[in-house]
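Have a look at the structure below before the remarks.
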Amino acid sequence: MTQTAMVETTPQPAACRTVNALLYVHMRNIYRSTGAGRVARQLTEHLARRTGVNIRILADQGDHGAVIDKLGEPWTSFPYHLFTKDTSVQQRQWLLVHRPSAQNYWPEAEIVHCTGESYVPKSKARLVVTVHDAAYFEKDAHQRSLATVGQSLRWRLLYAALSRTADVFHTVSHFSAERLGAVFPSIRSRLRVIHNAVSPRFFEPLNAVGEDFLQRNGLTNRPYVLWPGGLHYRKNAVMALEAWPILSGRRKDLMLVVSGHCDPALKARGEALGSSVLFTGFVEDDELHALYWGARATWFPSRYEGFGMPVLEAMASGSAVVASKTTSIPEVAGDAAMLVDPHSVSENVDALEAIVESAAHRDGLISEGKVQARKFTWDASAARLHELYSSLV
């Protein structure tokens with residue numbers, strides 16, 4: 001069975017009528033967002049720009065108060081329905097007693113959309129839930145620990161509730177749809193694929209903020225490889241910490257720049273490699289865009305991805321990419337990246353060295369990457385989500 005055979009494609013009606021959509025957003029996750037938080041933020045903002053979608057936001061009152069001024073427009077102008085309990089407490093109440101329903105917050109809601117893996121009970125409305133991947137149910141995606149076992153159990157309880165109540169599961173790649181359908185066969189027929197995309201900032205030119213960031217970190221005239229997303233087991237940091245000394249031994253002037261939050265133990269191992277590794281911590285989009293733009297290569301050999309936004313962000317910014325040839329990444333990268341075995345140190349080292357050493361090879365990948373990235377826009381994703389809403393009401 002092919003990946004696309006197991007899920008229906010999103011219907012595309014000739015015209016979309018106005019739909020009342022109540023979006024449940026974990027607001028603590030969308031400020032300075034990455035990953036799932038970035039998806040929730042971008043889909044909400046781009047949906048709000050569309051004619052024919054009347055959006056209101058359901059959120060934690062405490063989270064709203066903490067971040068609303070930092071988020072700015074359009075978030076300061078959205079109409080809100082706020083609950084007073086902490087998000088985790090409210091979520092447990094919804095799962096255990098199935099009330100209050102979405103109609104208690106907005107009786108006219110036709111669509112209730114959980115923009116991440118969560119649950120809101122509803123009566124007459126249709127429930128759409130965004131689900132990103134099946135990583136917590138896969139053998140090797142996460143290092144086994146009490147925390148990951150506990151999260152897997154919690155998510156099984158969540159999916160048990162959703163399998164009885166959700167009308168549609170929006171997921172972000174055909175790979176994720178295939179794996180979620182394998183783990184939870186009861187939701188297979190309700191899975192719909194709408195791909196993630198690239199935030200508009202990454203298509204824009206380097207700006208003064210980015211230039212200043214590169215200069216302050218000594219990267220303006222220093223060749224470097226960028227590792228986005230921090231050092232984590234799932235991102236394949238253990239392999240990277242074995243591969244990097246080999247490459248840096250061949251190219252003494254080359255630096256590895258790691259952006260994002262890191263697992264403390266893995267960061268300590270990286271720091272032990274000396275001055276050839278630079279940790280930036282979390283970076284804002286202007287700074288991340290500059291890091292992609294200035295890198296000789298972006299390195300993303302992740303063990304498991306439901307989508308892999310850094311691949312497209314790098315391509316949009318003008319960086320050549322080395323990434324895994326597994327999970328969702330080939331679906332996202334197409335032929336515009338060097339795809340390698342994430343478990344092979346030699347393949348990773350050789351691919352990076354080829355890009356670093358050959359400007360022609362690098363420029364070819366950059367050109368192909370820009371074309372590939374433009375296939376994935378939030379405007380297009382929001383349009384397909386709007387069509388999905390319209391097909392349900």
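The values are calculated or read from the model by the stated rules, or taken from the named source; none is laboratory data. Quick caveat: nothing in here was measured; it's all calculated off a predicted structure. Using ideal geometry, Cβ is built from the backbone for each residue, glycine included, and neighbour counts are taken over all protein chains shown.
Among the residues of the range 258-292, which ones are surrounded by 20 or more Cβ atoms within 10 Å (Cβ to Cβ) and in a helix (DSSP H, G or I)?
Matches in the range 258-292: GLY270, LEU288, HIS289, ALA290, LEU291, TYR292.
Restricting to the range 83-116, name every residue that is more than 24 Å from ALA382 (Cβ to Cβ) and touching a helix residue (DSSP H, G or I) at 6+ places or on another chain (Cβ under 6 Å).
PHE83, THR84, LEU95
For the range 129-140, which residues satisfy the criterion of being out of contact with any Lys or Arg (no Cβ under 6 Å at 6 or more places or on another chain) and surrounded by 13 or more Cβ atoms within 10 Å (Cβ to Cβ)?
Residues satisfying the conditions are VAL129, THR130, VAL131, HIS132, ASP133, ALA135, TYR136, PHE137, GLU138.
What residue, of ASP133, ASP140, is closer than 24 Å to VAL311 by Cα, charged (D, E, K, R), in contact with a Ser or Thr (Cβ under 8 Å, 6 or more places away or on another chain) and not in a helix (DSSP H, G or I)?
Checking each option against the conditions leaves just ASP133.
Which of the strands (runs of 3 or more DSSP E) contained wholly in the range 159-232 include at least 3 residues that are crowded, with 22+ Cβ neighbours inside 10 Å?
So the answer is 168-171, 224-227.
Under the condition of being out of contact with any helix residue (DSSP H, G or I) (no Cβ under 6 Å at 6 or more places or on another chain) and charged (D, E, K, R), which residue from the range 117-136 is farthest from VAL25 (Cα to Cα)?
Out of the qualifying residues, it is LYS124.
Starting from residues that are of a type in the set (Lys, Arg) and closer than 30 Å to ALA135 by Cβ, keep the ones in the range 36-92 and report whichever is surrounded by the fewest Cβ atoms within 10 Å (Cβ to Cβ).
LYS70
Residue check: is SER176 at pLDDT 95 or above, under 21 Å from the mean Cα position of the chain (by Cα) and not charged (D, E, K, R)?
Yes; evaluated as a whole, the condition is true for this residue.
So in the range 185-217, with the set limited to residues that are without any contact (Cβ under 8 Å) to a residue 12 or more places away in the chain and not basic (Lys, Arg), which one is nearest to LEU47 (Cα to Cα)?
PRO205
Restricting to the range 222-271, name every residue that is more than 26 Å from the chain's Cα centre (by Cα), within 17 Å of GLY294 (Cβ to Cβ) and not aliphatic (A, V, I, L, M).
Matches in the range 222-271: ARG222, PRO223, ARG251, ASP253.
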